[in-house]
Amino acid sequence: MNANSELFERAKKSIPGGVNSPVRAFGPVGGTPPFIVSGAGCRVRDADGRDYIDYVGSWGPLILGHAEPAVLDRVRAALSAGTSFGAPTEREIELAEMITRLVPSAEKVRLVSSGTEATMTALRLARGITGRDRLIKFEGCYHGHADSFLVAAGSGAASHGHPSSPGVPAALADLTLVAPYNDVAATEALFAEHGSDIAAVIVEPVAGNMGVVEPLDGFLEKLRALTTKHGALLIFDEVMTGFRVHPQSAQGLYGVTPDLTTLGKIVGGGLPVGAITGPHRFMDQLSPDGAIYQAGTLSGNPLSVAAGLAMLGRLEQDRDAIYGALEATTTALADGVGDALTKAGIPHQIPHVGSMFCVYFSDQPVHNFADASRADKDRFNSYFHQLLASGVSVAPSPFEAGFVSLAHDDAAVNATIDAVSKIEW
Ligand code: KE4
């Protein structure tokens, strides 16, 4: 038994499923997950000393790569002053000011410690502002694990066969209305029936939790028009797309302004941070100025904020060079992998937006969760395991996104393409 297997068996004795987040357990693909001991640049090393070119990237935060020196240095400096104060700090102001500078709809920011806290708060804010209870979400979108979102959810919920989770009271789940992603007619029908009771529509402006699904032309614009018409709030869940698909996030890429935006992942530079942001008129309704309550012991934690400042600072400073490089590398990867699959006669779709991508084994384009579910899962599992054996780590589920970082160089991309070309189908 190798070190990873020994650790996995040991982990299962003290941690549910042996993991602290289900997507790490290799449920959809089977096998034993590598236990990672270190990361550097675009690579991670497991407990057996094996190196992998890494496209998981901690599920999105590490847009600059693993152990980015600027991030580590900033965290080390913060650490020497202490780990947490439970009091306001200047650095939190700096991070809020940076986010308001970079995100078009942001006027005020509340920091929390995860994407789930961010979306949970955004929903409560929308319900408190409108006095309404219902929510529209889209099948296959994942907005974290707060009760109202565990209805037809993507990511690990879908991967493990529970897109609607037990433990969520029916009375609450019934308030969550679901439409297929990119389906304007279905969304209009929900508004026609429930319009006056809908507090918000929450959407991943680029869906990254059923693979990667781009919004069809006009979809986001139509959601903006429908929510405005019916007095509901439009929430862009940019936990994954924030600073990933564009320097101004998806709202900058598509030119659609939401009422509230949730952020996470990159804004924490690999440490726990989430954020809710939007115009003064909405954000000032949060406690303590407003009556809508939200709180967190470690919200705005000095170490997390230091990592976020370092990462966003680098992205802002070298914006055009960095996003140009990320786009070029991702395109080269997608084109090279696509050529290799075409040569092998394997039907595929490789959508990519900014530096997020996925590979569907399907001969049809994927516009929603039903399309994504029709992709060939057996082929995905074969692709996943043969790449892992070749030293390339992609997300262990077809309902996830892959992430390219600034540290993925030509050698890594070419090695990845070469590994795909050697897969035995
Ligand atoms: P967290 O609570 O995991 O920080 O964020 C929840 C969340 C919210 N919104 C979107 C669009 C997200 O993608 C996520 C979390 N993404 C998953 C990956 N698909 C996190 C990985 C995991 O669950 O371990």
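Read the figures in this text as sums done on the coordinates, not as results from a lab. Keep in mind the model is a prediction, meaning the values are calculated, not measured. Every residue, glycine as well, gets a Cβ built from its backbone with ideal geometry; the counts of neighbours run over all protein chains shown.
Using a 10 angstrom cutoff on alpha carbons, build the Gaussian network for the chain and name the most mobile of GLN294, GLN317, GLN285.
GLN317
Which one of GLY300, ILE235, LEU125 is farthest out on the positive end of the charge dipole of the range 69-313, using unit charges on Cβ (Lys, Arg +1; Asp, Glu -1) and the Cα centre as origin?
Of GLY300, ILE235, LEU125, it is GLY300.
If we sort 352-359, 234-241, 365-372 on the protection proxy, mean other Cβ atoms within 10 Å, highest first, what's the order?
234-241, 352-359, 365-372
Where does the range 69-313 land on the Kirkwood hydrodynamic radius, alpha-carbon pairs, in angstrom?
Value: 18.1 Å, from the Cα pair sum.
Compare the peptides 101-110, 164-173, 319-328 by average per-residue count of other Cβ atoms within 10 angstrom and give them in order, highest first.
101-110, 319-328, 164-173
Please compute the Kirkwood hydrodynamic radius over the chain, one decimal place, Å, based on all pairs of different Cα atoms.
21.9 Å
Could you compute how fast the range 217-335 diffuses translationally, taking Rh as the Kirkwood radius over C-alpha pairs and applying Stokes-Einstein at 25 °C with viscosity 0.890 mPa s? Give it in µm² per second.
Using the Kirkwood radius from Cα pairs, D works out to 152 µm²/s.
Among 65-78, 145-158, how do they line up from the highest to the lowest mean number of other beta-carbon atoms within 10 Å?
145-158, 65-78
Dipole of the chain (Lys/Arg Cβ +1, Asp/Glu Cβ -1, origin at the Cα centre): which of TRP425, GLY41, PHE219 lies farthest to the positive side?
Highest projection toward the positive end goes to GLY41.
Give the total of Lys-Lys pairs in the chain with Cα-Cα distances below 29 Å; include a pair only if its members are 8 or more places apart or on different chains.
Pairs that pass both the separation and distance tests number 15.
Tell me, in nm to one decimal, what length is gained between ASP378 and MET1 on full extension, where the rule is 0.36 nm per residue of separation less the Cα-Cα distance?
Using 0.36 nm per residue and subtracting the Cα-Cα distance, I get 133.1 nm.
With charges only on Cβ, +1 for K and R and -1 for D and E, what is the dipole size of the chain about its Cα centre, in debye, rounded to 20?
Rounded to the nearest 20 debye, it is 760 debye.
Distance between the C-alpha centers of the range 375-411 and the range 212-278? Whole Å please.
26 Å
Restricting the count to DSSP beta bridges whose residues both fall in the chain, what percent are antiparallel, rounded to a multiple of 5?
Here the share of antiparallel DSSP bridges comes out near 55 percent.
Using 1/(1 + (r/R0)^6) with R0 = 41 angstrom and r between the beta carbons of GLU97 and THR32, what's the FRET efficiency to the nearest 0.05?
0.35
Averaged over every viewing direction, what's the projected area of the C-alpha convex hull for the range 94-225? Give it in nm², one decimal, please.
Convex hull of Cα atoms, orientation-averaged projection: 8.8 nm².
Can you pull the one-decimal nm distance between simple spin-label points at ALA81 and ARG50, each 7 Å off the Cα toward Cβ?
Output for this residue pair reads 4.3 nm.
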